[in-house]
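Comments concern the structure below.
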Amino acid sequence: MGIYKPATAEEAYGPSFASGLDSIDGHDHSGAPNKGKKIDTNGIEDGAITPEKLSNEILAEATLETTDATPTEIDSIPVAESSAIMVKGQLITLRDDATECAWGTFEAGFRRPTSGSVTAVGANIVNLVDDSSGTPNFQLVADTTNEAVSLQCIGEAGKNFDWHITYNVVQQPEP
């Protein structure tokens with residue numbers, strides 16, 4: 001929102017009023033004295049502000065616990081017909097007793113033709129660094145049943161790992 005503020009030579013009101021106009025244009029709802037009306041936690045309904053409502057190019061995040069070496073979905077990204085997406089993110093996982101850890105980055109591309117199924121474009125790029133005695137891993141898989149990209153964590157047999165990922169999605173054409 002913008003408000004017309006006369007230049008100094010056009011002054012039609014005092015400096016305190018001009019300062020108020022600056023606050024209207026620049027407030028961020030963080031509270032008094034000049035940041036607008038504070039919006040507390042109860043002022044926004046849970047789940048009301050989501051990447052889907054703002055932009056899929058904003059970071060999304062998900063968490064998961066694995067207890068074995070079976071690929072387990074941490075999140076899923078639908079792929080619309082006649083579109084392509086690129087997923088890029090980062091991850092960290094920590095064994096429940098904090099004796100082992102893995103971290104890294106991932107990126108992959110997928111497309112879905114008209115009247116067709118989602119398919120990977122090339123290979124996933126997953127860069128993982130770990131100090132585990134096994135091999136915790138991460139993968140992005142074309143899920144043709146749900147026409148989505150399945151983001152999957154792979155823990156280790158007999159170990160509990162807590163996973164945290166953040167990622168963004170760029171889509172063409174834009175939704």
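Quick notes on this one:
- Enumeration of residues in region 77-129 that are touching an Asp or Glu at 6+ places or on another chain (Cβ under 7 Å) and closer than 26 Å to residue 156 by Cα: 87, 88, 93, 94, 96, 100, 101, 102, 125
- Positions within region 42-59 being modelled with pLDDT of 70 or more and either more than 21 Å from residue 164 (Cβ to Cβ) or in contact with a strand residue (DSSP E or B) (Cβ under 9 Å, 6 or more places away or on another chain) (or both), in sequence order: 42, 43, 44, 45, 48, 58, 59
- Where residue 88 falls short, out of the listed (1) basic (Lys, Arg); (2) in contact with a strand residue (DSSP E or B) (Cβ under 8 Å, 6 or more places away or on another chain); (3) at pLDDT below 95: (3)
- Residue that is nearest to residue 104 (Cα to Cα) [pool: residues in region 155-170 that are crowded, with 18+ Cβ neighbours inside 10 Å and of a type outside the set (D, E, K, R)]: 165
- Considering region 116-132, the residues that are in contact with a Lys or Arg (Cβ under 9 Å, 6 or more places away or on another chain) and of a type in the set (Gly, Ala, Ser) include one that is modelled with the lowest pLDDT, namely 132.
- Counting only residues that are surrounded by 17 or more Cβ atoms within 10 Å (Cβ to Cβ) and under 19 Å from residue 58 (Cβ atoms), region 89-108 holds 4 of them.
- When we screen 69, 62 for residues that are part of a loop (DSSP other than H, G, I, E, B), at pLDDT 70 or above and surrounded by 10 or more Cβ atoms within 10 Å (Cβ to Cβ), the only hit is 69.
The values are calculated or read from the model by the stated rules, or taken from the named source; none is laboratory data. Predicted model, so just to flag it, every value in this text is computed and none were measured. Don't worry about glycine lacking a Cβ; one is built from the backbone with ideal geometry, like all the others, and counts go over all protein chains shown.
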